[in-house]
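Structure first, commentary second.
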Amino acid sequence: MTPPSKLALVPFLSVEGMMKLVLSRGIERVLRELAEAIEEDFRRWPAFDKTPRIASHSPVGVIELMPTSDGALYGFKYVNGHPKNMKEGLQTVTAFGLLAEVATGYPVLLSEMTILTALRTAATSAMAARALAPKNPRAMAIIGNGAQAEFQALAFKAICGIEEVRLYDIDPAATRKCARNLATSGLTLTQCTSAEEAILGAQILTTVTADKQYATILTDNMVGAGVHINAVGGDCPGKTELHRDILTRSSIFVEYPPQTRVEGEIQQLDPDHPVTELWQVLSGAAPGRTDPRQITLFDSVGFAIEDFSALRYVHGAIQGTGLAQMLDMIADPDDPRDLYGMLLRAGAKAAA
Ligand code: NAD
């Protein structure tokens, strides 16, 4: 590990730096590598400190802190969720995060995480689907064509081999934007005018809408046997996307039950309704899909370990690239006890 004096300047990956990183490696490669990093950490789940995220709710949205540690590294993400922002020309979700060395407590990376959250959410969804969805899925419906949608489409292409994406949004402009952005992706794109049309022939149903309420994006009669549902948009108390009857017919897989029971689709169910933790499927401790007619549901809310894995991945990927700026954010006096003396000397230097 780097000695503390070298850690006093903290690498910072800006939005521009993140875009350069993704464009230079190629987004599908980044999504695959992220899924690998996340799966690696899910397989060693017991090694992590885990806590539900710390949420500060307001009538218009939520601001959250998501910390975790594996004993060697510590990470946290700051993230908001404000469904009304989009109408004001602002992002619904923005984020940044920090990775630190447990041995010294010194930060080793500060990074933008708005783009990284979209990448890690999509990589996690596709990682879960690879374990749970029917074999060789060909088509996926994406209901909700906002900021997250293209990332979801590309992750399912890169990781699950999806060939067709069927798009629907209550705002046709969002669907057009999504189709335009994915035009050269190699995916077959079908723009739909209803959720019912979007799910036709799809083996995977992704819901990724934003609304601060109990919404019903999918009703029970829309969901046939054997599909995999990737429910991404319901990630807050009072915010869901699926009718309760779908949940009672599904085998439900979650990230961290103490958080998902409060934030996920399963907030509609009894607190002891059986769910399987995704890490157990990935580590071989629990079965995933056991029957071709089974409905599997990944009730995604986003968990701190995914952000930790994403930061860990970015920290490795930027080494030697020159993409990070070095930030002077840790006071580093020559004599660690003489913090005030450092201030005095700076004052004397400024006055000279
Ligand atoms: P966004 O505001 O950019 O896009 C949401 C889209 O949903 C909009 O285009 C809107 O028109 C559409 N929509 C709303 N109601 C709809 C309905 N009834 N039917 C069809 N479309 C509808 O938001 P985003 O950044 O894409 O995020 C979407 C959701 O995903 C948010 O709720 C966000 O909190 C959640 N999210 C979850 C995770 C996770 O890890 N699970 C991570 C990131 C974001």
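The values are calculated or read from the model by the stated rules, or taken from the named source; none is laboratory data. Being a predicted model, the structure only gives us computed values, none of them experimental. When we count neighbours, we look across all protein chains shown, and the Cβ atoms used for this are built from the backbone with ideal geometry, even at glycine. Heavy atoms of the whole protein, side chains included, go into the accessibility calculation; ligands, DNA and RNA do not. Shrake-Rupley method; radii C 1.70, N 1.55, O 1.52, S 1.80 Å.
Of note:
- Qualifying positions in region 100-116 - of a type in the set (Ser, Thr, Tyr), open to solvent by 10 Å² or more (accessible area, probe 1.4 Å) and more than 10 Å from the ligand (Cβ to nearest atom): Thr104, Tyr106
- A search for C-beta distances below 7 Å between a residue of region 194-210 that is in contact (Cβ under 8 Å) with a residue 24 or more places away in the chain and under 16 Å from Gln152 (Cα atoms) and any residue that is among the acidic types (Asp, Glu) and surrounded by 14 or more Cβ atoms within 10 Å (Cβ to Cβ), counting only pairs 6+ apart in sequence or on different chains, returns Thr207/Glu241; Thr209/Glu241.
- Residue match in region 250-270 (condition: within 21 Å of Thr92 (Cβ to Cβ), in contact with a Lys or Arg (Cβ under 8 Å, 6 or more places away or on another chain) and aromatic (Phe, Trp, Tyr)): no
- Taking the numbered list (1) at positive phi; (2) of a type outside the set (A, V, I, L, M, F, W, C); (3) open to solvent by 10 Å² or more (accessible area, probe 1.4 Å) in turn, Arg166 passes all entries but (1).
- Residue selected from region 82-99 under the condition among the small types (Gly, Ala, Ser) and in contact with a helix residue (DSSP H, G or I) (Cβ under 6 Å, 6 or more places away or on another chain), by the criterion surrounded by the fewest Cβ atoms within 10 Å (Cβ to Cβ): Ala95
- Of residues in region 303-330 being among the acidic types (Asp, Glu) and surrounded by 20 or more Cβ atoms within 10 Å (Cβ to Cβ), the one nearest to the ligand (Cβ to nearest atom): Glu306
- For region 221-246, the set of residues classified as within 16 Å of the ligand (Cβ to nearest atom) and over 19 Å from Asp169 (Cα atoms) consists of His228, Cys236, Pro237, Gly238, Ile246, listed by residue number.
- Any pair with Cβ under 7 angstrom, 6 or more apart, that starts in region 117-136 at a residue that is surrounded by fewer than 24 Cβ atoms within 10 Å (Cβ to Cβ) and ends at one that is charged (D, E, K, R): Leu132/Arg289
- Filtering Leu73, Leu23, Leu31 for residues that are surrounded by fewer than 19 Cβ atoms within 10 Å (Cβ to Cβ) and in contact (Cβ under 8 Å) with a residue 60 or more places away in the chain leaves a single hit, Leu73.
- From the list Ala133, Ala141, the lone residue that is touching a strand residue (DSSP E or B) at 6+ places or on another chain (Cβ under 9 Å) and within 15 Å of the ligand (Cβ to nearest atom) is Ala141.
- Top-ranked residue in region 36-59 [being part of a loop (DSSP other than H, G, I, E, B) and open to solvent by less than 70 Å² (accessible area, probe 1.4 Å); ranked as farthest from Gly284 (Cα to Cα)]: Arg53
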